[in-house]
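Enquirer: Have a look at this one before I ask anything.
The numbers here are math on the coordinates, done by the rules we state, and not lab data. Note that the structure is predicted; figures quoted are calculated from it, not measured. For neighbour counting, all protein chains shown are included, and Cβ atoms are generated from backbone atoms with ideal geometry for every residue, glycine included.
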Amino acid sequence: MSVVDVICGAIAERRLLSFTYKSEARIAEPFILGYDEHGELVLSAVQTAGGSGVGFRTFPIEGVTSLKAMDQKFSGFRPEYNRRDRFFARIICQV
């Protein structure tokens, strides 16, 4: 299964993701997977554990390892979530 399949499946089913980024284990609620203006594949997610604390973060997929969709679900609602985030030049999947 590809990274895109794992992330888009997690978004569709509202499942948390676990992964390693910058050598730190993280857990996050995935909201958007898409390409930035430079053509880099990026995940926008609410980090709930690990790394630099809780909140929306962007994770270039190139730096993500050990990616897994978890059984635990999330609501898919965050007041600060913007479906029309201009950071993304092209969105593949989103909440």
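Enquirer: Report relative contact order for the chain in percent, whole number only (criteria: Cα-Cα under 8 Å, sequence separation at least 6).
Expert: Once divided by the residue count of the chain, the mean separation gives 35 percent.
Enquirer: Beyond 18 Å, what share of the Cα-Cα pairs of segment 47-95 remains, rounded to the nearest whole percent?
Expert: Tail of the P(r) past 18 Å holds 44 percent of the pairs.
Enquirer: For the chain, what percent of Cα pairs sit more than 21 Å apart?
Expert: 22
Enquirer: Roughly how many nanometres apart are two label points built 7 Å out from the Cα toward the Cβ at Thr48 and Arg78?
Expert: With each label point 7 Å from Cα toward Cβ, the separation is 1.1 nm.
Enquirer: In the chain, what % of DSSP beta bridges are antiparallel (nearest 5)?
Expert: Among the beta bridges of the chain, antiparallel pairing accounts for roughly 100 percent.
Enquirer: Shape call for segment 12-65 from the C-alpha gyration tensor, a ≥ b ≥ c root eigenvalues: rounded (a/c under 1.5), prolate (a/b greater than b/c) or oblate?
Expert: oblate
Enquirer: Here's another thing I want to ask about it. With +1 on each Lys and Arg Cβ and -1 on each Asp and Glu Cβ, and nothing else charged, work out how big the dipole of the chain is about its Cα centre, in Debye to the nearest 20.
Expert: Here the chain has a charge dipole of around 240 debye.
Enquirer: Follow-up question, since we're still on this one. Only loop residues by DSSP count here, and only those with at most 16 other Cβ atoms within 10 Å; note down the GluC sites (Glu not before Pro) in segment 26-63 that meet that.
Expert: Glu37, Glu40
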